[in-house]
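Trainee: Here it is, the structure in full.
Read-outs: derived from the displayed coordinates by stated rules, not from any lab. Keep in mind it's a predicted model, so treat the numbers as computed, not measured. When we count neighbours, we look across all protein chains shown, and the Cβ atoms used for this are built from the backbone with ideal geometry, even at glycine.
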Amino acid sequence: MEQILATVVQRDPEQREFHQAVGEFLATLAPVLERRPEYRRQALLERLVEPERMILFRVPWMDDQGAVHVNRGYRVEMSSAIGPYKGGLRFHSTVNLSIIKFLAFEQVFKNSLTTLPLGGGKGGADFDPRGRSDAEVMRFCQAFMAELFRHIGEDTDVPAGDVGVGAREIGYLFGMYKKLRNKFTGALTGKGLAWGGSLIRPEATGYGVVYFAAEMLATRGETLAGKRCLVSGSGNVAQFTVEKILQMGGKALTMSDSCGYVYDEAGIDAAKLDCVKAIKNIRRGRLQEYCQYFPDAVYVPVDPASDSNPLWRHSADCALPGATHNEINGLDAQHLVDGGVRLICEGANMPSTPEAIAVFRGNNVLFGPAKAANAGGVAVSGLEMAQDSMRLSWSRDEVDARLRAIIHGIHHTCLDAAAAYGQEGDYLAGANIAGFVKVASAVLDQGLV
Ligand code: NDP
């Protein structure tokens, strides 16, 4: 394992996020390789840490003042062992190859856990839609798709949204794809309901995270009712995490964006959540506005350079990070444990650093890793693909029931895989092992390709 990781690091020394994702994954796989020596003989891990294909491209576009900008576009097609590449697109100024590779790597095993026939990939651009007009975002999306279209398709690679890519961006991307291909196909998911989208897709990641949290609590005979929850982020994942916490009788105390967070001791109820949705989705503003409407809440600006985030210092029962990677470090994790948190359920991808995970594991905290806990989004994307192929739309209740069943299945799969390899109750080990074993056997079956 050490040798494989050393080679990954040596090959791309600057890709720190990718090293972190691979390192965390490999650290849990030793028991599998001991039992399955053929995986080593066939260099399975060496094959899985190298993307099948990486596409990097120039995205030139014009702003409203007529100035020309050039961004860099990415699509990392990591593995097609069990289905067409599937994974979101991220538009954010921090996007680079390391981040896209880490997300694509995680996506492979997450998609495997869903039980749906989905390979793994991820893409995006170092373009920040924040502060851009709709017309600028449209021109950027069209320029991005003018290259991406030749690499994707409903049976090849099916992108979706992620940070900075929501319903508006998917609309512009799909419109351009359709025009270039002259075909109406489900080559993207997260589409509008009127043009091939699925009910519950916007809600799916956040709802799935809370369903997973409820499954974990049930193993200790508990429910979410009355639980005080810290949530980070105020985008797609965080909004529907809060919505489902409320529906299950819990209390959400915090939400955040990249400038700071709000703490509302009375709880963020449905009306307050509607206000957050209006601020973030319609006015595309800052969360700080929340306190203008609800002056009893407190807004705390956060300095990204500080060594810990005060959001994680509030006392609570559960924490559901839903903003970005590495948002909980070792110190934050200790604050969470000291503040009474007994459950972490990851909505964002890789929000906990390795040091934070060590703190959670050392303190008997229920820890739901992103690969398992936030798989609801891609699972419903898989259901959207199925509905597109059949030219059918399922009802809201039907999709929600399927989502719930998939999350229930993932929860059991994690526990069963962990137990089968002597790691009882370890969701992280279970998710990695179960996700890996399925992909590995598919790779072996398909020969050296
Ligand atoms: P959105 O763009 O809808 O929202 C992202 C939120 O996180 C915003 O509140 C944003 O603040 C905040 N944020 C982004 N970057 C940073 C940063 N560097 N520091 C602090 N806050 C930040 O994205 P999503 O809700 O879709 O995604 C959130 C996380 O969930 C990501 O890790 C994503 O990969 C993961 N995820 C998303 C899925 C989906 O279906 N959408 C599926 C599975 C995982 P601001 O408004 O200031 O930018």
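Trainee: Name the residues of the stretch 213-231 whose amide N is less than 17 Å from a point 7 angstrom out from the Cα of residue 424 along the C-beta direction?
Mentor: Residues 219-221 qualify, since their backbone N sits under 17 Å from the label point.
Trainee: Whole angstrom only: what separates the Cα centroid of the stretch 1-60 from the Cα centroid of the stretch 132-208?
Mentor: Using only Cα atoms, the two centres lie 29 Å from each other.
Trainee: Please compute the Cα-Cα pair-distance distribution of the chain with 10 Å bins starting at 0, giving whole percents from short to long.
Mentor: Computed distribution, short to long bins: 4, 22, 33, 28, 12, 1, 0.
Trainee: I want to verify a result. In a Gaussian network model of the chain, Cα cutoff 10 Å, which of these has the top mean-square fluctuation: 260, 124, 322?
Mentor: Comparing 260, 124, 322 in the GNM, the peak value goes to 260.
Trainee: Next question, about the same structure. Quick one: 59, 209, 237, fewest Cβ neighbours within 10 Å first, how do they rank?
Mentor: By the 10 Å Cβ count, ascending: 59, 237, 209.
Trainee: Let me ask something else. Roughly what would the spin-label model give for residue 70 and residue 283, points 7 Å off Cα along C-beta, in nm?
Mentor: 3.9
Trainee: With a 10 Å cut-off between alpha carbons and a GNM built on the chain, which of 330, 376, 88 moves the most?
Mentor: Answer for the Gaussian network model of the chain: 330.
Trainee: Quick check: pseudo-label points 7 Å beyond the Cα along Cα→Cβ at residue 134 and residue 53, how many nm apart are they?
Mentor: 3.5
Trainee: Quote the FRET efficiency, to the nearest 0.05, computed for residue 298 versus residue 361 with a Förster distance R0 of 45 Å and r equal to the Cβ-Cβ distance.
Mentor: Working: r = 32 Å, r/R0 = 0.70.
With a Förster radius of 45 Å, E is 0.90.
Trainee: At R0 = 45 Å, how high is the FRET efficiency between residue 220 and residue 40 if r is their beta carbon distance? Nearest 0.05 is fine.
Mentor: Details: r = 37 Å, r/R0 = 0.83.
It comes out at approximately 0.75.
Trainee: Okay, next question. With +1 assigned to the C-beta of every Lys and Arg and -1 to the C-beta of every Asp and Glu, and no other charges, what is the dipole magnitude of the stretch 363-449 about the Cα centre in debye, to the nearest 20?
Mentor: With Lys and Arg at +1 and Asp and Glu at -1, about 120 debye.
Trainee: Mean projection of the alpha-carbon convex hull of the stretch 255-403 over all orientations, in nm²?
Mentor: 10.6
Trainee: Excluding residues fewer than 8 places away in the same chain, name every one of the lysines whose C-alpha is closer than 27 Å to that of residue 191.
Mentor: Within reach: 86, 101, 110, 122, 178, 179, 183, 244, 272, 277, 280, 371.
Trainee: Related question: Using +1 on the beta carbon of Lys and Arg, -1 on that of Asp and Glu, and nothing else charged, what's the dipole of the stretch 204-373 about the Cα centre, debye to 20?
Mentor: Values: 15 positive and 18 negative charges, 75 e Å.
Once rounded to the nearest 20, the dipole reads 360 debye.
Trainee: Give the residue list of trypsin sites (Lys or Arg not before Pro) in the stretch 358-449 that are DSSP loop and have at most 16 other beta-carbon atoms within 10 angstrom.
Mentor: For trypsin sites (Lys or Arg not before Pro) across the stretch 358-449 that sit outside H, G, I, E and B with at most 16 neighbouring Cβ atoms in 10 Å, the list reads 391.
Trainee: Can you list which of the GluC sites (Glu not before Pro) found in the stretch 360-449 are DSSP loop residues with at most 14 other C-beta atoms within 10 Å?
Mentor: Those that pass, being in a loop and sparsely packed, are 424.
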